[in-house]
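I have placed the structure first, in the form of structure tokens, so that the comments after it can refer back to it.
Each reported figure results from applying straightforward, stated rules to the coordinates on display, with no laboratory input. Small disclaimer: the values here were computed from a predicted structure and weren't measured. Cβ atoms come from the backbone with ideal geometry, glycine included; neighbour counts cover every protein chain shown.
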Amino acid sequence: MNPFAYRVGRMCAEDVDLAELADQAGTPLYVYSTAALRRRFEGFSGACPPGTLVAYSVKANGNLAVLKTLARLGAGADVVSSGELKRALAAGIPADKIVFSGVGKSAVEMRLALEAGIFQFNVESEPELETLNAVARDLGREAPVAIRVNPDVDAGTHAKITTGTADTKFGIPLDRAIQAYRHAARLEHLKVVGVDVHIGSQIHRLEPFEAACARLMELVRQLRNDGHEISRADIGGGLGIGYESGATVPDVQAYGRIANRLQSELGVALIAEPGRYIAAEAGLLLARVRYVKAGAAKTFAILDAGMNDLLRPALYGAYHEIVPVTEPGSGLASETYDIVGPVCETADLFASGRILPLLERGDLVAIMAAGAYGAAMSSAYNSRPPAAEVLVNGADWSVVRPRLSDDALVALDRLPAWLEG
Ligand code: LLP
């Protein structure tokens, strides 16, 4: 069942009427569905080999309520900062299901993660190995380490979210991996446990995953020959979703078979770090039309949501389906719109040349598949408090991130002594 569907002409999130929700909680509003989170999580983990640690990538949507929903389903977490680590722990994700990724972890972040007793550090450079070893020595601990390798595989996705090619900052090049593992093995407070790869995000073909896994298999064989005990393989995240209706989407079962092959050929414990696959379709951004404006050549529908709330279209030219919350009757007139926000930039454009049923001031629209990298990337640009967030569960809903007031935003700033008074 689609968690966001029309019922008697009105779009609902599970059993909650979106128009009523907008009246009560205000817009712009992120709306997440518990049922969809559960279905996506269970669909993903069910496709992976039994025992796979599904470490949900917190960066996609780190709302505490989302994390806690996933924690109760058995999710682990992939974190990239002490902030994400604290969120994951606060949501009840056990430390031994948390992996720490990222190219620039600080010593303070490493210390926190070591003290918490996380499952694994995915280390991305030789100097990072040294730093982690020093921090672990100070604490009298041993840090479990996988090295993220850069397999030089093109994921075939947007350049800004491609991470597995040789020209990106990510991972250690494969041809230096053996050397890096020897380096790690010499450091007394590191325990080499596995290998890690992540080639990009919104990947819509499976071949790049297969290519990356093939290189990982070869690497593990070489490492074992070199005397390392490799018992884990982290295959990262990146499985894409269909933003556009009719888009070809990778089959999660086929993805699972690739993971299965890797696992059975190497006899390792698997870790996967899905973010978008779990959260994107579990959320939408609800917005109200403020004005419909006739330009010289185009008609603009100006929403109360802006690029500060959902940056993806402005940053990546990303496509999001936009639908009216009241189901359009058949034969209703339509119009071609540029759907924009109120922010003072031409980049504040959600969709260009989109055909929608006639829109009027006050109408509600839903920007679909916004549950991942939506609220998580929002900002207060133009001094606009980011959209509030609501989690729906059946007929229940709850505000899980209130909207800040203008005054609360202003109150975050401080004046230096010479400007007081
Ligand atoms: N693991 C690592 C090491 C990552 O860097 C990422 C995403 C993931 C896992 C999760 O990838 P996913 O399964 O969500 O594709 N803001 C962009 C996406 C950036 C992804 C960054 N890394 C967007 O809105 O499309």
Check your understanding: Using Cα pairs under 8 angstrom and six or more residues apart, how large is the relative contact order of the chain, in percent?
Key -> 19 percent
**Study point:** Shape box of the range 168-316 [Cα atoms, principal axes, largest first, Å]
**Key:** 69, 32, 25
**Study point:** Kirkwood hydrodynamic radius over Cα pairs of the range 273-421, then Stokes diffusion coefficient at 20 °C and 1.002 mPa s, in µm²/s
**Key:** 127 µm²/s
Practice item. Specify the residue with the greatest mean-square fluctuation among A287, A408, A113, computed from a Gaussian network of the chain linking alpha-carbon atoms under 10 Å apart. Key: A408
Practice item. Answer rounded, prolate or oblate for the range 1-159, using the Cα gyration tensor with square roots of eigenvalues a ≥ b ≥ c: rounded when a/c is under 1.5, else prolate when a/b is larger than b/c, else oblate. Key: prolate
Exercise for review: Go through the range 195-271 and name the GluC sites (Glu not before Pro) that are in a DSSP coil and have 16 or fewer other Cβ atoms within 10 Å of their Cβ.
Suggested key: E229, E244
Review point. In the Gaussian network model of the chain, springs joining C-alpha atoms below 10 Å, which of E128, E335, E207 carries the largest mean-square fluctuation?
Key: E335
Exercise for review: Treating the angle as unsigned and between 0 and 90°, give the value, to the nearest 10°, between the Cα long axis of helix 126-139 and the longest Cα principal axis of the chain.
Suggested key: 80 degrees
Review point. In which sequence would S264, S378 go, from the one with the fewest C-beta neighbours within 10 Å to the one with the most?
Key: S264, S378
Study note, to complete from the structure: Cβ-Cβ cut-off under 10 Å around E124, Lys and Arg +1, Asp and Glu -1: the net charge is 0
Practice item. Only helical DSSP H runs with n ≥ 4 go in: add -39500 (n - 2.57) per run for the chain, normalise by residue count and round the 222 nm mean residue ellipticity to 500 deg cm²/dmol. Key: -9000 deg cm²/dmol
Review point. Counting DSSP beta bridges in the chain, what percent are antiparallel, to the nearest 5?
Key: 50 percent
Study note, to complete from the structure: Taking a ≥ b ≥ c as the square roots of the eigenvalues of the Cα gyration tensor, with a/c under 1.5 meaning rounded and otherwise prolate when a/b exceeds b/c and oblate if not, the range 309-395 is oblate
Review point. Nearest 10 degrees, 0 to 90: what angle lies between the long axis of helix 174-186 and the longest principal axis of the chain (Cα atoms)?
Key: 60 degrees
Check your understanding: How do I230, I93, I241 line up, fewest other C-beta atoms within 10 Å first?
Key -> I241, I230, I93
Point to revise | Alpha-carbon centroid distance for the pair the range 227-258 / the range 401-416, whole angstrom | key: 40 Å
Check your understanding: How long are the three semi-axes of the equivalent ellipsoid of the chain, in whole Å, if each is the root of 5 times an eigenvalue of the C-alpha gyration tensor, listed from largest down?
Key -> 40, 25, 20
Practice item. Please tell me which of these pairs span more than 25 angstrom C-alpha to C-alpha: K160/K293; K59/K169; K68/K97; K59/K160; K59/K97? Key: K160/K293
Practice item. With a cut-off of at most 10 other beta carbons within 10 Å, and DSSP calling the residue loop, which trypsin sites (Lys or Arg not before Pro) in the range 339-421 qualify? Please list them. Key: R414
Check your understanding: Once a ≥ b ≥ c are taken as the square roots of the eigenvalues of the Cα gyration tensor of the range 1-45, is the result rounded (a/c under 1.5), prolate (a/b larger than b/c) or oblate (a/b not larger than b/c)?
Key -> oblate
Review point. If you rank D78, D175 by fewest surrounding Cβ atoms within 10 Å, what's the result?
Key: D175, D78
